[in-house]
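All remarks here apply to the structure that follows.
The values are calculated or read from the model by the stated rules, or taken from the named source; none is laboratory data. In this text the structure is predicted, and so the values were computed from the model without any measurement. Every residue, glycine among them, receives a Cβ derived from its backbone with ideal geometry; neighbour counts consider all protein chains shown.
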Amino acid sequence: MRSLRLKLILGSLFVLGTVIISFGLFVYFAKSRALLSVMDGRLAAGVKALASHVERDSGRLIFAPAEDYDIRGELPPAYRIIDEQGREIARSAAGSSPAWPVERPVEGRSLLATMGTGKDGRWRVVTFSSRISGEQDRAEENEPSMTPAAVVTIQCATPLGPISHELREFVSQLAVLALAAFLIAGGGSFLLAGRALRPIRRINEALANVSETRLDERLDPRPFDKELHPLIGQLNAALDRLEEAFRRERQFTADVSHELRTPVAGILSTIEVLLRKERSEKELREAHEDNLEIGRSMQSMIERLLLLARMDAGKASPRRQSTPLAALVGEILAAAGPEAQKRNLRLSQDVDAALRADIDPDQMKIVLANLVDNAVRYNRPDGSVTVGARRSPEGLVVEVRDSGMGIPADQLPLVFDRFHRVDSSRSEETGGCGLGLSIARKIVEAHGGRILASSGPSGSVFSIILPEA
Amino acid sequence: MRLLIVEDNRALLKSLRKGLQEEGFTVDAADDGEEGLFLAEHNEYDVVILDLLLPKLDGLKLLQALRRADIQTHVLVLTALDAVDETVRGLNTGADDYMTKPFRFEELLARVRALLRRKYQKKDPRLVVADLEIDTVARNVRRRGKDVPLRPKEYALLEFLAHHAGEVVPRSMIWEHLYDWQDESISNTIDVFISRLRKKIDRPGLPPLIHTVRGAGYQLKGG
């Protein structure tokens, strides 16, 4: 399982480990260099001291520390002095010594080396070449003859053992320190990671409070760090949308049940009243006719609801085909004719006979029939209904224009809502069932278009805008 | 007893009207809010049965207008809006009762009768005047323990008089409460029903209960 906390801890430990190890290495090398340079200094001093006691004696080079001078304090643990031919002039007393390096430095210079043999392990060796000046022969003072200068090589060595020992001890101290730091840091990052993750836990707890029935709960960003505010904002926005969706769903369900209750009440009450006594043939017939009418209007509403549900589920995508618009509009207006005649309305169409649209003719018929039906219902007597179609830069525009009482401005945005009716009526006379415009919008949107309503004192215009491919 | 039904569902309105008329009520009907308000303002109804989702004028607005005009009619709201807050809003706007659709006709009837009892400040569904006993639920009438069969209009008239027992009830008031506003019949129909009632209630040998007060109206009272 992936754990954010574990990742945070491992990440911080990795960084910390790298830092500790680099620091340890740095300190280790610095320390060993320091120790070595102190040692080299001592060796150099030893070499110089030795060199100052090499002299000539009767042509021979000898190592002769002065009688009254105790050189032992300056002598390194091992040394030797050799001449140019490699003959040993002097060497340290008994005890171990390293394998002396053969290489000789330039005169007056010293050469440092670490030799890996000898039974004491590794040695540090300084090799120094020194010129011993020539000397006047003491025997023949009058005729001075100079013995030529000679070069001797002085080598001093110290075993590295003590340094290695000190370094080892230093390393083990460092290791203990590093381990302690690592543990403390591990614990600290465990706590810190917990602390850093606490807001997530708190957000989680707060979200757990938001259930289907308590969707109005929101997260309060104030107790959280400002880095989390955008996250909380997004969560709240998502909750807003969720709540709105739930609210619409509940509203829709409530609306459906209300819409079905009234006709059911009508059927039940008709039958109940009927059954209260013996009825004549005429009364029975009348009651049946009433119930039939209610049943039919319920059926039509249920079919509309099913159509909406199918479209909501994306199961009624338009089957587009090139359709002559004038013929389609003509058909719709012809169907609305009888109803329009009752109200003495003039129906007219303003569509170019050659105009064709790539639409689903059956679905678009539903849309136009609904719009024309509304235009007829909500019109004034002797008014008019005009259906026009034209091409515009935005696409194909189809307009249904009526000369009715218009729609109040505050109702305009709501007319496409399901079950919304301008005068809250549920009457069959003016109303329909309040789903027609929702269905119309759904179909137009499935065609990739939009439907707009505008209204003024001289009537309302519903425009369908279909972008053309 | 005169009722007004304001309901825009034609079939429901029709069946309610028929059912209530058969129970002896005088029923006026309106299928939109404006007409309902007009009728309620211009007639005296014992109970108004009011739908809420109405064309032209919303039911709650109608109710509000009635109450603001200080019209005391008992109002029973009959609606498909069944949420608790809808009920609360309805009652708080001034409704006396609230019923949701669909409903049982029997229950509606019982509630209408309960509202009538409230209107006439009676808890007992029986009305008793001397030895006359009227059961307003079963709608039967007994005098000295013997059933008196009555036609619906006769019963309605008797019940109305019994509600106002001891008072002189003017003919105009009977007219208001017992006749449809479209009713074409002339006012002496009341006299016709009174004389029919007398024949059935005040049989020879019994002390008369129905009295005519000249120039004022009628009175139902015991000896």
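Filter the range A:55-88 for residues that are at pLDDT 80 or above and among the hydrophobic types (A, V, I, L, M, F, W, C); which is nearest to A:Gln155 (Cα to Cα)?
A:Ile81
Just for helices (runs of 4 or more DSSP H) wholly inside the range B:105-208: which have at least 2 residues that are within 17 Å of the chain's Cα centre (by Cα) and at negative phi?
B:105-119, B:152-163, B:171-178
Sort out for me the helices (runs of 4 or more DSSP H) sitting completely within the range A:272-377 that have 2 or more residues that are within 14 Å of another protein chain (Cβ to nearest Cβ).
Filter on the range A:272-377 gives A:281-312.
Has the range A:252-263 got any residue that is of a type in the set (A, V, I, L, M, F, W, C), more than 10 Å from chain B (Cβ to nearest Cβ) and surrounded by fewer than 16 Cβ atoms within 10 Å (Cβ to Cβ)?
Looking through the range A:252-263, none of the residues is of a type in the set (A, V, I, L, M, F, W, C), more than 10 Å from chain B (Cβ to nearest Cβ) and surrounded by fewer than 16 Cβ atoms within 10 Å (Cβ to Cβ).
Identify, please: which residue in the range B:5-23 is part of a loop (DSSP other than H, G, I, E, B) and buried (at least 22 other Cβ atoms within 10 Å of the Cβ) and is, among those, modelled with the highest pLDDT?
In this case the residue turns out to be B:Glu7.
Which one is surrounded by the most Cβ atoms within 10 Å (Cβ to Cβ) among residues in the range A:184-226 that are hydroxyl-bearing (Ser, Thr, Tyr) and free of Cβ contacts under 8 Å to residues at least 40 places away in the same chain?
Among them, the one singled out is A:Ser211.
B:Phe105 versus (1) in contact with a strand residue (DSSP E or B) (Cβ under 7 Å, 6 or more places away or on another chain); (2) touching a residue at least 40 places away in the same chain (Cβ under 8 Å); (3) closer than 22 Å to A:Ser269 by Cα: which is the lone unmet condition?
Condition (1) is where B:Phe105 drops out.
Determine which single condition B:Pro102 fails, assuming it passes every other condition in (1) closer than 22 Å to B:Gln21 by Cα; (2) at pLDDT 90 or above; (3) within 14 Å of chain A (Cβ to nearest Cβ).
(2)
Take B:Ala114 and decide whether it is in contact with a helix residue (DSSP H, G or I) (Cβ under 8 Å, 6 or more places away or on another chain) and either modelled with pLDDT of 85 or more or within 13 Å of chain A (Cβ to nearest Cβ) (or both).
No: the conditions fail for B:Ala114.
Of the numbered conditions (1) without any contact (Cβ under 8 Å) to a residue 12 or more places away in the chain; (2) closer than 15 Å to B:Pro152 by Cα; (3) of a type outside the set (Ser, Thr, Tyr), B:Ala11 satisfies every one except a single condition; which is it?
Among (1) without any contact (Cβ under 8 Å) to a residue 12 or more places away in the chain; (2) closer than 15 Å to B:Pro152 by Cα; (3) of a type outside the set (Ser, Thr, Tyr), B:Ala11 violates only (2).
Could you pull out the residue among B:Ala80, B:Ala40 that is small (Gly, Ala, Ser) and more than 14 Å from chain A (Cβ to nearest Cβ)?
B:Ala40
Name the pairs whose Cβ atoms lie under 7 Å apart, with the first residue in the range B:65-78 and touching a residue at least 60 places away in the same chain (Cβ under 8 Å), the second of a type in the set (Asp, Glu) and in a loop (DSSP other than H, G, I, E, B), and 6 or more positions between them or separate chains?
So the pair list comes out as B:Leu78/B:Asp51.
Among B:Ala65, B:Ala30, which is the only one that is surrounded by fewer than 20 Cβ atoms within 10 Å (Cβ to Cβ) and not β-branched (Val, Ile, Thr)?
Testing whether each residue is surrounded by fewer than 20 Cβ atoms within 10 Å (Cβ to Cβ) and not β-branched (Val, Ile, Thr) leaves just B:Ala65.
Restricting to the range A:272-312, count the residues that are aliphatic (A, V, I, L, M) and surrounded by fewer than 17 Cβ atoms within 10 Å (Cβ to Cβ).
Residues that pass the stated criteria total 6.
Which numbered condition trips up B:Asp97, out of (1) more than 8 Å from chain A (Cβ to nearest Cβ); (2) surrounded by fewer than 19 Cβ atoms within 10 Å (Cβ to Cβ); (3) at pLDDT 90 or above?
All conditions pass for B:Asp97, except number (2).
Here's the yes/no breakdown for (1) loosely packed, with under 14 Cβ neighbours inside 10 Å; (2) farther than 25 Å from A:Pro65 by Cα:
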position: A:Lys7; (1), (2): yes, yes
position: A:Gly11; (1), (2): yes, yes
position: A:Phe14; (1), (2): yes, yes
position: A:Ile20; (1), (2): no, yes
position: A:Phe26; (1), (2): yes, yes
position: A:Ala34; (1), (2): yes, yes
position: A:Met39; (1), (2): no, no
position: A:Gly46; (1), (2): no, no
position: A:Leu50; (1), (2): no, no
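Is it the case that some residue within the range B:44-62 is more than 14 Å from chain A (Cβ to nearest Cβ), over 15 Å from A:Thr262 (Cβ atoms) and in a helix (DSSP H, G or I)?
no
Just name the residue that is nearest to the chain's Cα centre (by Cα) out of those in the range A:254-288 that are within 12 Å of B:Ser15 (Cα to Cα) and among the charged types (D, E, K, R).
Within the range A:254-288, the match that is nearest to the chain's Cα centre (by Cα) is A:Glu272.
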